[in-house]
1. Could you tell me whether any residue of region 151-160 is over 22 Å from the mean Cα position of the chain (by Cα) and surrounded by fewer than 15 Cβ atoms within 10 Å (Cβ to Cβ)?
2. Only one of (1) part of a loop (DSSP other than H, G, I, E, B); (2) more than 30 Å from Met1 (Cβ to Cβ) is not met by Ala147, so which one is it?
3. Exactly one of these conditions fails for Gly101: (1) part of a loop (DSSP other than H, G, I, E, B); (2) outside the structural domain of Ala147 (by TED's automatic domain parsing); (3) touching a residue at least 12 places away in the same chain (Cβ under 8 Å). Give me its number.
4. If Glu67 meets every condition in (1) farther than 18 Å from Gly43 by Cα; (2) not assigned by TED's automatic domain parsing to the domain that holds Glu42 apart from one, which number is that one?
5. From the residues in region 64-110 that are in contact with an Asp or Glu (Cβ under 8 Å, 6 or more places away or on another chain) and of a type in the set (Asp, Glu), which one is nearest to Ala143 (Cα to Cα)?
6. Condition first: more than 12 Å from the chain's Cα centre (by Cα) and assigned to a loop (DSSP other than H, G, I, E, B). Now tell me which residues in region 55-83 satisfy that.
7. Scanning for something free of Cβ contacts under 8 Å to residues at least 24 places away in the same chain, exposed (fewer than 13 other Cβ atoms within 10 Å of the Cβ) and in the same structural domain as Asn87 (by TED's automatic domain parsing), does region 15-24 turn up at least one residue?
8. Within region 115-140, track down each residue that is over 26 Å from the mean Cα position of the chain (by Cα) and surrounded by 10 or more Cβ atoms within 10 Å (Cβ to Cβ).
Amino acid sequence: MLTQERLKIVLNYDPDTGLFTRRITLSSRAKAGQICSGMHCEGYLRISIDYERYLAHRLVWLYVYGEWPEYMIDHINGNRQDNRLCNLREATNSQNLCNQGKPANNTSGYKGVYYDKERDKWVSEIKVRKMKTFLGRFDSAEAASDAYNRAAIKLHGEFTHSSITG
């Protein structure tokens, strides 16, 4: 298991930029001075150390705090490549899910909002602990979104997605 001591021998981390650079050459593809920029299939930065692959945001936690995170690491602004220390926080899976943006297949333009053709209304729903909660039907998508945003702030607090909290 990688330790903070070994990590600091191999890499340097800049908390202001969120970038890792190599301190030593480990292979022909991992040379001293290089910025670590490997990409994981889900859009996270991934770094190889001693033939093991690690997600960069988890390495930040080890580098700064000296231990592996107990839970997940949440990117506060939703940008999976922004590993500045001020953008990372430990979160449970439930908290991390609260900070997701709207799904890719969303057609309303607003998180938690969809159009009900049968009733000619916009519907607002929010998920809490895998359970959907109905928030109401509205004449406009904006009104439905406002209801979602108020509920999200009340239910999810600091883990409400940044597009809602500004």
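The values are calculated or read from the model by the stated rules, or taken from the named source; none is laboratory data. It should be emphasised that the depicted structure is a prediction, and the values quoted were computed from it without experimental measurement. Methodologically, a virtual Cβ is constructed for each residue, glycine included, from the backbone with ideal geometry; neighbour enumeration extends over all protein chains shown.
1. Initially, region 151-160 is screened for residues over 22 Å from the mean Cα position of the chain (by Cα), giving none.
Looking through region 151-160, none of the residues is over 22 Å from the mean Cα position of the chain (by Cα) and surrounded by fewer than 15 Cβ atoms within 10 Å (Cβ to Cβ).
2. In the conditions (1) part of a loop (DSSP other than H, G, I, E, B); (2) more than 30 Å from Met1 (Cβ to Cβ), Ala147 misses (1) alone.
3. That leaves (2) as the condition not met.
4. (2)
5. If we take residues in region 64-110 being in contact with an Asp or Glu (Cβ under 8 Å, 6 or more places away or on another chain) and of a type in the set (Asp, Glu), then Asp74 is nearest to Ala143 (Cα to Cα).
6. Residues satisfying the conditions are Gly66, Glu67, Trp68, Pro69, Glu70, Tyr71.
7. To start, the set of residues in region 15-24 that are free of Cβ contacts under 8 Å to residues at least 24 places away in the same chain comprises 21-24.
Narrowing the set further to residues that are exposed (fewer than 13 other Cβ atoms within 10 Å of the Cβ) leaves 24.
Applying the additional criterion that residues be in the same structural domain as Asn87 (by TED's automatic domain parsing) yields 24.
Yes: one or more hits.
8. So the first thing to find is which residues in region 115-140 are over 26 Å from the mean Cα position of the chain (by Cα), and the list is 115-123, 136-140.
Passing the criteria: Tyr115, Asp116, Lys121, Trp122, Val123, Gly136, Arg137, Phe138, Asp139, Ser140.
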